[in-house]
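The values are calculated or read from the model by the stated rules, or taken from the named source; none is laboratory data. Keep in mind it's a predicted model, so treat the numbers as computed, not measured. Here the Cβ positions follow ideal geometry from the backbone for every residue, glycine too, while neighbour counts run over all protein chains shown. These area figures cover heavy atoms from the full protein model, side chains too; ligands, DNA and RNA do not enter into them. Shrake-Rupley method; radii C 1.70, N 1.55, O 1.52, S 1.80 Å.
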Amino acid sequence: MEPWVRFSAQSQARERLLRAAQYGCALAGAALQRNGASAEVVARVRQLEAHLSLGRKLLRLGGSADALEAAKRAIHLSDAVLRFCLTLSHLNRAMYLACDNVLWAGKAGLAPAVDQEKWSQRSFRYYLFALIVNLSRDAYEIRALMEREAGGQRAKGTEAGRQQQQRRRPEAGLQQLGLRLQLELRLLLRVLRGNPPLLLDVLKNACDLFIPLDKLGLYRSSPAFVGLCGLASSVLSILTILHPWLKLKP
Amino acid sequence: AAMERFVDFTDRSQGRERLLRATQYTCMLLSYVIERKADKEELVLKLKQLEASMSSGRKMFRLGNTVHALVAARRTTQLPDVVPRVCLTASNLTRALYFVCDTVLWLKSVGLQPDIDAPKWRNWATKCYYFSLLMNLARDWYEVSWRLEHAVQKEKIKENSSWDKRNQELNCLKCDGLHVFFLLLFQILKNHPPLVLDMVKNLLEVWLPFVYRILSSCKKLHYEFLSGDLLDTK
């Protein structure tokens, strides 16, 4: 029980648990509906999901300050690409949280004149952009690591290096391309396997991506799939809290 | 720097929950103050809605605090002194029971278990909460009283071992019992700010609901008197 106390003493940890519960409810609701459960049960699950969502919005009040602080810190990074990506990502997250606060004010009855649909779309746009910037940062890191790995292999003169030397001979297109892709893929998998924090971050951002894509209508998927993606990304995020070494730094 | 402090605070354990609690009670206070004033009904309604949503949000955030209270209870059974050990363990155990009642009430408010007898569980929750507060106050009282006893004994020793006769005369002047008592009490409280804060917080929590209820019934009587109901002059 001691690990639980330490874990949930951080408010972010509880927020992640509630997020996992929220998307779990979404998944459960969709699954129950598909399997023909009674309308009352589905309604109860949906109601619980709505409560969890509203409660999470309440807990996120003031999160914009958090994101702006993180953006201020990110400006001092040494690497130019990382500096750009992280600052932009945090700024977008701050905007997303600000729109989220407006939505909460509307839902809680403080500002009934708020156009829920418009602000919801706005918030998801900022969220989507933040996720895209995060994924570009991940791609940049992967690229850098792959180049370092490939360079290392060339120096050691492994089979891959020899194959690269072979490539210098003029050869026919498709087979060559296929081989090259296979090599790149193996290199990618090797890099990801050697960097669990990076792998976790890529998976988390990829899962999260489907949520705003669905809500903005850019890539409609089933509610069950959205719930599953949300649940998966929340679980991955909880893992990074439980094991801080799994968090991608900076 | 102010933002950094805010971020630090809300990131720490329970920081955000305390902020929501403060906001909730501010809303309660504000809605009490401006209630029944002309053309402020909409504002009062909004304040009440805000208070309700803060309350339900906090209940959700508190899910799982039962485990916190049980772990704290296990920790306090290791305390060396008997009185703090008993008081704090009892306080933590009743706090765990309070959180169980709180969870049950949350299940009802969310619609998962609509056939829960809310007044009964709320009654139990209030009883558990008050009992744990009283146990905390008992322990505060014990801490202050043994420190006071020590300080009084030290003063007596100083008095007895003073050589200067004139000092003794002066000391006898200072020897006025109540005066010395309050001076020592003030010194103890000054040297132990956490104890003072804990005591003040517990006292407020015990008395504030009573004060609130007394004030609102006074206000009700006041308005009824003004409108003539009380004197039945209509």
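The mean count of C-beta atoms from other chains within 10 Å of the C-beta of residues in A:47-55, rounded to a whole number, is 4. Listed by chain and number, the lysines whose alpha-carbon sits under 16 Å from that of A:LYS247, ignoring those within fewer than 8 places in the same chain, are A:LYS204. Here the spin labels are modelled as points 7 Å beyond Cα on the Cα-Cβ line, and at A:GLN182 and A:LYS249 they lie 4.0 nm apart. For the chain pair A and B, the interface hides roughly 3000 square angstrom of accessible area in total, found with a 1.4 Å probe. Once the 1.4 Å probe is applied to the protein heavy atoms, the protein assembly as shown comes out at 61 Å² accessible per residue.
Solvent-accessible area assigned to carbon and sulfur over the protein assembly as shown amounts to 63 percent, based on a 1.4 Å probe.
Applying a length cut-off of 15 Å (Cα extent along the axis) and a mean Kyte-Doolittle floor of -0.5 to the DSSP H helices of chain A leaves A:11-34, A:39-59, A:63-74, A:80-107, A:173-194, A:196-215, A:223-242. Inter-chain Cβ neighbour count for B:55-67, averaged per residue, equals 5 (cutoff 10 Å, partner chain atoms only).
Of the chymotrypsin sites (Phe, Trp or Tyr not before Pro) found in region B:54-146, not one falls in a DSSP loop while having at most 12 other beta-carbon atoms within 10 Å. Each Lys and Arg Cβ is given +1 and each Asp and Glu Cβ -1; about its Cα centre, chain A then shows a dipole of about 540 debye.
Evaluated over region B:21-143, the count of Lys pairs having alpha-carbon atoms less than 22 Å apart is 11 (only pairs 8 or more residues apart or interchain). Normalising by residue count, region A:1-156 has a Cα convex hull of 211 Å³ per residue. Bridging of A:LYS118 to lysines at a Cα separation below 22 Å is possible for A:LYS57, A:LYS107, A:LYS215, once same-chain residues fewer than 8 apart are set aside. Averaging Cα coordinates gives a centre for region A:19-69 and one for region B:53-122; these two points are 24 Å apart. Helix content alone sets the calculated 222 nm mean residue ellipticity of the protein assembly as shown: runs of n ≥ 4 DSSP H residues at -39500 (n - 2.57) each, divided across all residues, give -28500 deg cm²/dmol.
The figure for B:LYS108 is an accessible area of roughly 70 square angstrom, using a 1.4 Å probe on the protein chains alone.
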